[in-house]
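Report on the structure given below.
A short reminder: the numbers here are calculations on the coordinates, not readings from a lab. This is a predicted model, so every value here is computed, not measured. We place every Cβ from the backbone using ideal geometry, glycine too, and count neighbours over all the protein chains shown.
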Amino acid sequence: MTSEYYSGWKLILLNVAVCLGTFIQILDTSIANVAIPYIAGNLSVSADQGTWVITSFAASNAIILPLTGWLSNYFGRIRLFVWSILLFSLTSFLCGLSTSLTMLVFFRTLQGAVAGSLIPLSQSLVIACNPPEKQGSALGFWAMIVVVAPVVGPILGGYLTDVYSWPWIFYINVPLGIFSALIVRYFLKSQETKIERLPIDWTGLCLLSFGVGCLQINYCSRLFCHLDAATKISNR
């Protein structure tokens, strides 16, 4: 990244676009929670099977997250962020078009994988795009997004599912993602980071993917079991 900074409305627009990467990624970790009964009913599966819509996203997301540094060096930070956003928008659209649980889980897995780098990349770009005296305010705005997105997710997911239909919880990502990618690409295309294509430890990557995936799936399974038990107790 260079030492040249934007100012005024350009800097505000750039910060909003960068932070949208964090917003839509965190939003999708919670927006589908309230829609699981509707998704399961529409796809003719049980509610327990429907929870794989959440688990698949979380597991693939957790696997890719530790690889962000290597991916940034291999492709370039700006290029990786832009393509991650665009692929996230594409997979979101395909999730909305799914006609079976298998199809939906497959695209949710891809969606989680391409979104794995968005949070760390978004935070690093916020720091890099703002002058030193404004980095504190910019990080405060970024942190607010991190706090607000999980709260907005269930509310927005419930509204879209009830008023429209469950595919809209995925379609809503498309315009936000395209806007973010275009703005970041336009303002930062000349500030790409140096590319270093270092070799990768494939054995370590496979073990990491297997270990993190198992831990994430186990955590989600236990969480849903506790939530299901609490729901049954409250309904007595």
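With q set to 0.19, 0.20, 0.21 Å⁻¹, the log10 of I(q)/I(0) for the range 18-115, from the Debye formula over equal scatterers at the Cα positions, is -0.88, -0.95, -1.03.
Modelled spin labels at Ser100 and Val16, positioned 7 Å past Cα toward Cβ, are 4.2 nm from each other. The ellipsoid equivalent to the alpha-carbon distribution of the range 140-182 has semi-axes of 21, 16, 5 angstrom, derived from the gyration tensor eigenvalues as √(5λ) and listed largest first. The phi torsions of the range 75-84, fed into the Karplus equation with coefficients 6.51, -1.76 and 1.60 and a -60° offset, translate into couplings of 9, x, 4, 5, 4, 5, 5, 4, 5, 5 Hz, rounded to whole numbers, with Gly and Pro shown as x.
Ranking of Thr193, Thr99, Thr55 by neighbouring Cβ atoms within 10 Å, starting from the fewest: Thr99, Thr193, Thr55.
What number comes out for the charge environment of Gly69, summing +1 per Lys or Arg and -1 per Asp or Glu over other residues with Cβ under 11 Å away? The partial results should precede the final answer.
Numbers: positive: Arg77; negative: Glu196.
Once positives and negatives cancel, what remains is 0.
With the cut-off at 13 Å, report for the range 74-134 the share of all Cα pairs above it, as a whole percent.
On the way: 1181 of 1830 pairs.
The share of Cα pairs beyond 13 Å in the range 74-134 comes to 65 percent.
Residue order for Cys19, Cys206, Cys95, fewest other beta carbons within 10 angstrom first, comes to Cys206, Cys19, Cys95. Pairwise Cα distances in the range 159-214 exceed 16 Å for 71 percent of all pairs.
Report Rg(Cα)/(2.2 N^0.38 Å) for the range 1-65, keeping two decimals.
It is 1.68.
In order along the range 85-100, the phi-based Karplus estimate (6.51 cos²θ - 1.76 cosθ + 1.60, θ = phi - 60°) of 3J(HN,Hα) comes to 5, 5, 5, 5, 5, 5, 5, 5, 5, 5, 4, x, 8, 4, 10, 8 Hz; Gly and Pro are listed as x. Residue order for Val148, Val114, Val18, fewest other beta carbons within 10 angstrom first, comes to Val148, Val114, Val18. If you model the range 8-234 as an ellipsoid using its alpha carbon gyration tensor, with each semi-axis the square root of five times an eigenvalue, the axes come out at 31, 21, 16 Å, biggest first.
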